[in-house]
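What follows is one structure encoded as structure tokens, with my remarks underneath.
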Amino acid sequence: MKTVKILAILLIVLLLVVFFQDIADYMKIITDQESVSAYLQSFGILGPVVLFCLLIAQVFIAIIPGHALMVTAGYVYGTLGLVVVIVSTILGSEIAFFIARKYGRGLIYKLASQKTIDKWDKAAHNQGILFYFFSFLLPIFPNDLMCYVAGLATISPKRFFVANVLGRTCTAVIVTMIGMYGLNPPAWFLVALALAVIGLFAGWTIYRKKKHPDQ
């Protein structure tokens with residue numbers, strides 16, 4: 001079973017590397033990066049401020065394409081865009097966490113699907129930093145909704161902050177740097193990305209085994 005999982009991870013990484021340009025081109029089409037870029041640039045020096053506000057808002061508003069904005073941030077503003085992405089997504093997540101912690105389910109059920117919140121609330125029962133770190137990285141999680149889940153759960157604000165900073169920063173670096181290199185990143189970035197994917201899957205597998213040794 002372990003061998004199968006390792007081979008599956010390696011296959012996924014290989015496919016990502018081989019078809020990276022095709023995926024990148026498709027991503028460019030569906031997000032219409034040029035239009036988003038033009039929109040941000042139309043604000044001149046206030047563009048990073050607008051981007052900052054949009055990235056905070058996307059934590060709460062599902063229809064705002066967060067990852068597309070991150071790519072565009074790197075494409076338009078480079079390193080400054082990366083800083084904006086990191087700070088804004090961490091701040092937005094902290095706000096969502098404290099809203100849930102202060103106002104509870106009565107308000108959260110009005111802001112998000114009760115069924116979805118309850119599903120992940122059950123999965124997050126008595127979980128700690130590592131669980132929420134992965135919840136910001138892996139696409140199997142509703143990343144932004146997990147901030148509400150954390151606020152309703154037992155994790156302390158300090159522990160959530162650690163998971164928030166680490167998880168959001170890693171995601172921001174990976175996604176924003178794609179934009180910084182014009183969807184044609186250098187070889188070292190592809191290698192680093194592949195190693196990161198392997199590390200994440202391996203870490204998640206080990207974590208799951210420790211939590212559920214019978215599986």
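Points to keep in mind about this one:
- The set of residues in the stretch 62-120 that are of a type in the set (A, V, I, L, M, F, W, C), out of contact with any helix residue (DSSP H, G or I) (no Cβ under 8 Å at 6 or more places or on another chain) and either exposed (fewer than 15 other Cβ atoms within 10 Å of the Cβ) or under 14 Å from Asn143 (Cα atoms) (or both) comprises Ala62, Ile63.
- Leu152 meets all of the listed conditions (1) more than 25 Å from Ala73 (Cβ to Cβ); (2) in contact with a Cys (Cβ under 7 Å, 6 or more places away or on another chain) but one, namely (2).
- The stretch 164-177 - residue that is surrounded by fewer than 24 Cβ atoms within 10 Å (Cβ to Cβ) and hydrophobic (A, V, I, L, M, F, W, C) and, of those, nearest to Ser88 (Cα to Cα): Val165
- Considering residues of the stretch 96-141 that are among the β-branched types (Val, Ile, Thr) and in contact (Cβ under 8 Å) with a residue 40 or more places away in the chain only, the residue nearest to Ala172 (Cα to Cα): Ile99
- Number of residues in the stretch 149-184 that are more than 26 Å from Gly81 (Cα to Cα), at pLDDT 90 or above and of a type outside the set (A, V, I, L, M, F, W, C): the value is 5.
- Among residues of the stretch 49-70 that are part of a loop (DSSP other than H, G, I, E, B), those with a beta-carbon under 8 Å from a residue that is modelled with pLDDT of 85 or more at least six positions away or on a different chain give the pairs Ala62/Asp144; Ile64/Leu54; Ile64/Ala57; Ile64/Gln58; Pro65/Gln58.
- Leading residue by the ranking (farthest from Leu152 (Cα to Cα)) among those in the stretch 121-138 that are surrounded by 14 or more Cβ atoms within 10 Å (Cβ to Cβ) and among the polar types (S, T, N, Q): Ser135
- Residue pairs meeting the criteria (Cβ under 9 Å; at least 6 apart or on separate chains; first closer than 16 Å to Leu145 by Cβ, in the stretch 80-95; second of a type in the set (Phe, Trp, Tyr) and buried (at least 21 other Cβ atoms within 10 Å of the Cβ)): Thr89/Phe136; Ser93/Phe136; Ser93/Phe160; Glu94/Phe160
- Residue within the stretch 80-100 that is more than 20 Å from Phe52 (Cβ to Cβ) and in contact with a Ser or Thr (Cβ under 9 Å, 6 or more places away or on another chain) present: no
- When restricted to residues that are in contact (Cβ under 8 Å) with a residue 12 or more places away in the chain and surrounded by fewer than 18 Cβ atoms within 10 Å (Cβ to Cβ), the stretch 142-159 contains 3.
The values are calculated or read from the model by the stated rules, or taken from the named source; none is laboratory data. What you are looking at is a predicted structure, and each value in this text was computed from that prediction instead of being measured. Backbone-built Cβ (ideal geometry, glycine too); neighbour counts: all protein chains shown.
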